[in-house]
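Inspection log for the structure reproduced underneath, given as structure tokens.
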Amino acid sequence: MKASVESIPVTPRAPAALKAAADTSTSQVTQTVRAGIECGDATGCVIPPLHLSSTFAFRGFADKGAYDYTRSGNPTRDLLGAALAELERGAGAVVTASGMAAVTLVGYLVPALGRIVAPHDCYGGTYRLFDAWRRRGERQVEFVDFGDEAAVRAALTAPAALLWIETPSNPLLRITDIARFAALGRAAGALIVVDNTFLSPAWQQPLALGADLVVHSTTKYLNGHSDVVGGAVVARDKGLHEQLVWWANCLGLTGAPFDSYLTLRGLRTLHARLDHHARNAHALAHWLQGEANVRRVWYPGLATHPGHEVAQRQQRGFGAIVTLEIEGGHAAVREFLAGLESFSLAESLGGVESLVAHPATMTHAAMDPAARERAGLADGLIRLSVGIEALEDLREDLRRGLARAAAVVPQPTLSRAAAAC
């Protein structure tokens, strides 16, 4: 049975290439649903067991089995790693204790004083880590506007150890052409790393587009239920995977068995969840564009989005994050948030429930005001992680919030906002 093109939220003008991509996803859907199923356990269990043991007995003197200590290896964690590597079409994966543990692990592939080129609007936690390395003199880090290809080219005229790509970016959903930028990075001698958290392998496969490593916060869509913190790094080739395994064990970055078990369980419903997430997000983004007190909406599925064409080319879907800017700054944001009932005010994203975040005071609070301004993170910016609730309930919730926000904004300002939409 072929995947329905209707299950992929695209605009009416979506090219045949994107629809063809939907037709190739059947095997991946099956792989995801059957991740870890019938894993070869002697009992014949369909669902793999949870191996909580911290240590494993030797068969005899100097006769170690496949596992000795869970920090180094664990059957449950290895099943999740194998599933993620298969879905990303990689040679292997390392499952980590968090998304930031995955970022840290990749950083240890960079030699002392090695040079990292990263987007100036990267995830706040990643920015904080890279900036700390830079300030401590441990790595050279150059933050660049990836929307300016000339600036990226200039940054890569000097040798680089690592090119860090986030696409779509957080929270403005800027789209980076992975294949194009991977070629630039490779010419500079850099490892190409793509954070694929916002899309998952169901919607984007960076290794096929030229990346060497793919990073995930498995906390988000891969688990999908907001009850696990975890991460993963998927490697293109065996050599890179072996380096990651060594460093993860050395640094103690590997994930816990129970978290791996829950993530593997959540992973099996990935495609079913994403279809519903995306339908809701697509509908809300179009509706928000028409609201007078919304200054701007960012969603790659909108034809007006500057990265729309690239997203159509390299993605199978447009995601379920919608970002908007409202008039009135912090005062309006406070009222907007107070009016919501079906969106929980919380960091993170990708769970079945809808969440709302204010980047300036939450996800990107680690950035100083000047850095946030350079990255375009205005005080009125709001990020929605659209869940799988009933669409009309979500729309009505946002309508209430916008009405409360409008009450604290002078009418002339609202008129200008309406004219700009």
Review point. Which stretch or stretches of the range 81-95 have amide N atoms under 17 Å from the point lying 7 Å from residue 34's Cα along the Cα→Cβ direction?
Key: 82-89
Review point. Once both labels are modelled 7 Å past Cα along the beta-carbon direction, what's the residue 208-residue 55 spacing in nm?
Key: 4.5 nm
Study note, to complete from the structure: Taking the square root of 5λ for each eigenvalue of the C-alpha gyration tensor of the range 270-420, the equivalent ellipsoid has semi-axes, largest first and in whole angstrom, of 23, 18, 16
Review point. Quick one: length gained pulling residue 393 to residue 352 fully straight, 0.36 nm per residue minus the C-alpha distance?
Key: 13.3 nm
Check your understanding: Who wins for biggest fluctuation among 338, 375, 285 in a Gaussian network model of the chain, springs between alpha carbons below 10 Å?
Key -> 338
**Study point:** Cα long-axis angle, helix 391-406 against the chain (0 to 90 degrees, to the nearest 10)
**Key:** 50 degrees
Study note, to complete from the structure: Over the chain, the sum of -39500 (n - 2.57) across DSSP H runs of at least four, divided by residue number and rounded to 500 deg cm²/dmol, gives at 222 nm -11500 deg cm²/dmol
Review point. With charges set only on the Cβ (+1 for Lys and Arg, -1 for Asp and Glu), what does the dipole of the range 267-405 come to about its Cα centre, in debye to the nearest 20?
Key: 360 debye
Revision key, fill the gap. Of 381-391, 233-243, ordering from highest average Cβ density within 10 Å down gives 381-391, 233-243
Revision key, fill the gap. If R0 = 22 Å, then residue 135 and residue 365, at their Cβ-Cβ distance, give a FRET efficiency to the nearest 0.05 of 0.80
Practice item. Could you point to the residue in 96, 402, 165 farthest towards the positive end of the chain's charge dipole, with +1 and -1 charges on the Cβ of Lys/Arg and Asp/Glu respectively? Key: 165
Review point. Taking the Cα centre of the chain as origin and charging only Cβ (+1 Lys, Arg; -1 Asp, Glu), how large is the dipole, in debye to the nearest 20?
Key: 500 debye
Check your understanding: How long, wide and thick is the chain, going by the Cα atoms along their three principal axes, in whole angstroms, largest first?
Key -> 82, 50, 41
Revision key, fill the gap. Ordered by fewest other Cβ atoms within 10 Å, a rough proxy for footprinting exposure, 356, 408 read 408, 356
Check your understanding: Fully extended, how many nm does the chain gain between residue 250 and residue 47 (0.36 nm per residue separation, minus their Cα-Cα distance)?
Key -> 70.0 nm
Review point. Tilt of helix 270-289 relative to the longest C-alpha principal axis of the chain, in degrees (0 to 90, nearest 10)?
Key: 20 degrees
Study note, to complete from the structure: Candidates 195, 368, 212; GNM for the chain (alpha-carbon contacts under 10 Å) flags as most fluctuating 368
Review point. Among 63, 397, what is the fewest-to-most ranking by other Cβ atoms within 10 Å?
Key: 63, 397
Exercise for review: Using R₀ = 25 Å, calculate the FRET efficiency as 1/(1 + (r/R₀)^6) where r is the Cβ-Cβ separation of residue 66 and residue 227; round to 0.05.
Suggested key: 0.30
Exercise for review: Report the full-extension gain for the segment residue 272 to residue 148: residue separation times 0.36 nm, less the Cα-Cα distance, to one decimal in nm.
Suggested key: 41.0 nm
Review point. Arranged by the count of other C-beta atoms within 10 angstrom, fewest first, what order do 341, 347 take?
Key: 341, 347
Exercise for review: State the Cα centre-to-centre distance between the range 48-96 and the range 336-370 in whole Å.
Suggested key: 35 Å
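None of the figures in this text is laboratory data; all of them are computed from the coordinates on show. Nothing here was measured: the structure is a model prediction, and the numbers come from that model. Note that we place each Cβ from the backbone using ideal geometry, even for glycine, and neighbour counts take in every protein chain shown.
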